[in-house]
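What follows is calculated from the coordinates using simple rules that are stated; it is not laboratory data. Computed from a predicted model, the values in this text were never measured in an experiment. Here the Cβ positions follow ideal geometry from the backbone for every residue, glycine too, while neighbour counts run over all protein chains shown.
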Amino acid sequence: SIPGITLNNGSVIPQLGFGVWQVPDEGAAAAVRTAIETGYRSIDTAAIYDNERGTGLGIQQAGVPREELFLTTKLWNSGTRDWSGQAGRDAVLREFDASLEKLGTDYVDLYLIHWPRPMHGSFGNIWAAFEELAASGRAKAVGVSNFGPAELTRLLENTSLVPALNQVELHPYFPQTELRAFHAEHGIATEAWSPLGQGGALLAESALVKVAEKHDRSVAQVVLRWHLQSGIIAIPKSVTPARIQQNFDVLGFELDAEDLAALDSVATGERIGPDPTGFDWN
Ligand code: A2P
């Protein structure tokens, strides 16, 4: 079965999950249901994806006991617009309750601050609310997304609760080497969004096609295998049942040093998605 990573709260997250960014709410139930029926046990959504309802419905339709699933959602920036003082805490809890209601569950396994923008002033209030959610067990683990070393450092200086993980854009074009070293130093797990580079040019890279041919696999499978062997949690997205299944079928082969070198060789250091440091949150 899919290996797990133990988080700093003691819970175990499957290294391969199903991401639903860019899946419309109407299509989310079918995609999530297909994923769970395929064997995925980790589902990643967010308030801003506007598909928590469909995601919750898919979970119910799949009929797998809730405790066998690892469910992640995220706090959107606007949910903290009134984040000064006590209002910040209340706004976070209100947004969290709304997410639970849409998901049709009474807890999540992981709750993330989606973007590091509310870093000024009372950022600590947001994390204090996250600590409260973690203490209550309504969010079993808490973490962040799209943070860089500077934002993580600032957070760590102001809290005793280390985020369980940081979910960032990460794929062979953009391997986040320095950030991963920072995470390792602090016991923060690394989770990759858009692990397939959004399904574009990366999957056509000739160096990767060669590795895929060698193993009689697809490039997507090779790339996901790279994530797993690198200790990264990956949450590929697809609305195509055959791809949902293909992306889960990554256990029966192993990349060797030469393959891993080929994957390293395609790094450009360029993001495909938005740059969190330039993100204007509102
Ligand atoms: P689709 O959803 O139409 O199947 P990422 O998770 O890196 O953001 O990548 C998601 C994109 O990659 C989606 O456009 C998805 O298309 C596509 N994709 C997902 N899995 C595969 C695969 N195995 N082969 C090719 N494209 C894929």
Of 253, 62, 170, which is farthest on the positive side of the dipole of the chain, counting Cα position, with +1 on Lys and Arg Cβ, -1 on Asp and Glu Cβ, and the Cα centre as origin?
62
Assigning unit charges at the beta carbon (Lys, Arg +1; Asp, Glu -1) and nothing else, what dipole magnitude in debye, to the nearest 20, does the chain show about its Cα centre?
280
Top positive-direction residue, dipole computed over the chain with Cβ charges, set 196, 209, 182
196
How do 140, 74, 237, 210 rank when sorted from fewest to most other Cβ atoms within 10 Å of their own Cβ?
210, 140, 237, 74
At q = 0.13 Å⁻¹, what base-10 log of I(q)/I(0) does the Debye formula yield for the chain when every alpha carbon is treated as an equal point scatterer in vacuo?
-0.84
The chain: most fluctuating residue of 17, 63, 197 per GNM, C-alpha cutoff 10 Å
63
If a/c stays under 1.5 just call it rounded; otherwise compare a/b with b/c (prolate if a/b is bigger, oblate if not). Do that for the range 230-282, with a ≥ b ≥ c from the square roots of the Cα gyration tensor eigenvalues.
oblate
Long-range amide H partners of residue 18 with built H, under 5 Å:
42, 43, 44
For the chain, modelled as a GNM with alpha-carbon contacts under 10 angstrom, which of 158, 247, 51 fluctuates the most?
158
Taking neighbour counts of Cβ atoms within 10 Å as a proxy for exposure, in what order, fewest first, do 186, 227, 114 appear?
186, 114, 227
On Cα atoms only, tilt of 25-38 relative to the major axis of the chain in degrees
60
With just the Cα atoms defining each centre, how far is the range 180-242 from the range 123-150? Give it in Å.
27
Determine by what factor the alpha-carbon radius of gyration of the range 105-248 differs from 2.2 N^0.38 Å, reporting the quotient.
1.18
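Take the alpha carbon gyration tensor of the range 177-245, find the square roots of its eigenvalues, order them as a ≥ b ≥ c, and report rounded if a/c is under 1.5; if not, report prolate when a/b exceeds b/c, else oblate.
Here the range 177-245 falls in the prolate category.
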Excluding residues on the same chain fewer than 8 positions from residue 237, give the lysines whose Cα lies under 24 Å from its Cα.
74, 102, 140, 210
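For a quick check: sort 232, 43 by the number of other beta carbons within 10 angstrom, fewest at the front.
Sorted ascending by nearby Cβ count, the order is 232, 43.
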Is the shape of the range 163-282 best called rounded, prolate or oblate, per the rule: a/c under 1.5 gives rounded, else a/b larger than b/c gives prolate, else oblate, with a ≥ b ≥ c the square roots of the Cα gyration tensor eigenvalues?
prolate
Which value, in debye to the nearest 20, gives the size of the charge dipole of the range 210-282 about its Cα centre, when Lys and Arg are +1 and Asp and Glu are -1 at the Cβ?
260
